[in-house]
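Colleague: Have a look at the structure that comes next, please.
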Amino acid sequence: MDSARGDKVIETMTMFDRYVHGYRSAENARLHDQAGTLSELLHGDTGFPAGSAVLEVGCGVGAQTVTVAERSPGAALTAIDVSAESLAAARERARDAGLRDVAFAQADVYTLPRFDGPLAAATFDHVFVCFLLEHLPRPVDALRRLRAMLRPGGTITVIEGDHGSAYFHPDSPAARDAIACQVALQRNAGGDALIGRRLYPLLAEAGYRDVTVSPRMVYVDASHPELADGFIRKTFTAMIEGIRGPALAAGLIAADRFDAGIADLLRTAEPDGVFCYTFFKSAARA
């Protein structure tokens, strides 16, 4: 990519505050659809003991917050995010779900730990991170700061996707080109849409112990019609379709090529289509 095009990508991403998907109502809905569709796959073994203090970092609009809180009755959950707008949506979602043991605070992971107060060092028994590291320019630095938030022996749970794990039938070069736009935009914003495969080395470099990683594959064919709608259409394709404007503005792809890729992704949700994608869930100890 030439320097002029690179500068245009950075300028485009500034409009989205470095969050490549943007803060639109459609993205809010997509995140909630994703959370509901993937709840059992990603969180069937998520849960923290009653009486424990849990920190969720990068809670966004609360799509994962409600699931974690509901699966951890009696735990005290503190959810933080850098975006005040997202926090307002998360508070509303928690309130609508009848959750009372969730506190919210605006904070940047790179400013942790605080000197004192609820975000002081060694305050939490568990840290939960879902779909955050992919957006960060310095994930190891962030993980080290989160390790400082944990009490001795505390644990961290990290969940990330990996766009390089997406494959499908019928195959489509146009669809792969559209996905590559997402990867490029995220890379030029300082993130990594392929970060799922890196969780083990990142956590090890950040000083965590007993690191384990569990791949969680979403597999969709005609025998899983709920996933064809919930994952292919409303989660993955909606995510790629949402970066059409920035991708075209950055000159990464022609409009007709991008639109053909979206159509081909949706085609995989038909009765003879197949779609696979892998998430990675890691656990480690401070």
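The values are calculated or read from the model by the stated rules, or taken from the named source; none is laboratory data. Model, not experiment: these values are computed from the prediction. Counting neighbours? That spans all protein chains shown, and the Cβs are built from the backbone with ideal geometry, glycine included. The protein model used for the area step is the full one, side chains on, heavy atoms only, and it has no ligands, DNA or RNA in it. Shrake-Rupley method; radii C 1.70, N 1.55, O 1.52, S 1.80 Å.
Colleague: For region 134-197, max minus min Cα coordinate along each principal axis, in Å, sorted largest first?
Modeller: On the principal axes, region 134-197 reaches 50, 24, 10 Å in Cα extent.
Colleague: Tell me the label-point distance for the pair residue 248, residue 95, using the 7 Å Cα-to-Cβ offset, in nm and rounded to one decimal.
Modeller: Here the modelled spin labels are 3.8 nm apart.
Colleague: Counting only other residues whose beta carbon sits under 13 Å from that of residue 62, what net charge do I get with K and R as +1, D and E as -1?
Modeller: -3
Colleague: Tally up the carbon and sulfur contribution to the accessible surface of the chain as a whole percent, 1.4 Å probe, everything protein left in place.
Modeller: 53 percent
Colleague: Can you give the direction-averaged projected area of the convex hull of the alpha-carbon atoms in the chain, in nm²?
Modeller: Here the figure is 14.5 nm², rounded to one decimal.
Colleague: Report, please, the projected area of region 168-273 averaged over directions, based on the convex hull of its C-alpha atoms, in nm².
Modeller: So the mean shadow area of the Cα hull is 7.9 nm².
Colleague: In the full protein assembly as shown, how much of residue 167 is accessible to a 1.4 Å probe, in Å² to the nearest 10?
Modeller: Looks like 120 Å² after rounding.
Colleague: List the residues of region 187-208 whose backbone N lies under 17 Å from a point placed 7 Å from the Cα of residue 144 along the Cα-to-Cβ direction.
Modeller: From region 187-208, the list is 201-208.
Colleague: Name the helices (complete DSSP H segments) of the chain with a Cα length along the long axis of 20 Å or more and a Kyte-Doolittle mean of at least 0.5, or state none.
Modeller: none
Colleague: Kindly report the accessible area of the chain per residue (heavy atoms of protein chains, probe 1.4 Å, no ligands, DNA or RNA), in Å².
Modeller: Counting only protein heavy atoms, the per-residue value for the chain is 42 Å².
Colleague: Expressed as a whole number of Å, what is the distance separating the alpha-carbon centroids of region 220-286 and region 107-178?
Modeller: 22 Å
Colleague: So what is log10(I(q)/I(0)) for region 214-286 at q = 0.18 1/Å, when the Debye sum runs over its Cα atoms only?
Modeller: Values returned for q = 0.18 Å⁻¹ are -0.76.
Colleague: Separate question: Per the helix-only calculation at 222 nm, which mean residue ellipticity applies to the chain, given -39500 (n - 2.57) for every DSSP H run of n ≥ 4 and division by its residues, nearest 500 deg cm²/dmol?
Modeller: The per-residue figure over the chain is -11000 deg cm²/dmol.
Colleague: Output needed: percent of Cα pairs per 5 Å distance bin for region 182-233, bins running from 0 to the one holding the longest distance.
Modeller: 4, 16, 14, 14, 17, 17, 11, 6, 1
Colleague: Output the relative contact order of the chain, whole-number percent, from Cα pairs under 8 angstrom with separation of 6+ residues.
Modeller: Across the chain, relative contact order equals 23 percent.
Colleague: Here's a follow-up. Starting from the Cα-Cα distance between residue 114 and residue 40, subtract it from 0.36 nm times their residue separation and give me the gain in nm to one decimal.
Modeller: So the chain would gain 23.3 nm between residue 114 and residue 40.
Colleague: Under the Kirkwood approximation applied to all pairs of distinct alpha-carbon atoms, what is the hydrodynamic radius of region 86-191 in Å?
Modeller: 16.6 Å
Colleague: What per residue convex hull volume, in Å³, do the alpha-carbon atoms of region 90-142 yield?
Modeller: Per residue, the Cα convex hull of region 90-142 comes to 115 Å³.
Colleague: When Lys and Arg each count +1 and Asp and Glu each count -1, what net charge do the other residues less than 10 Å away from residue 76, Cβ to Cβ, add up to?
Modeller: Net charge around residue 76: -2.
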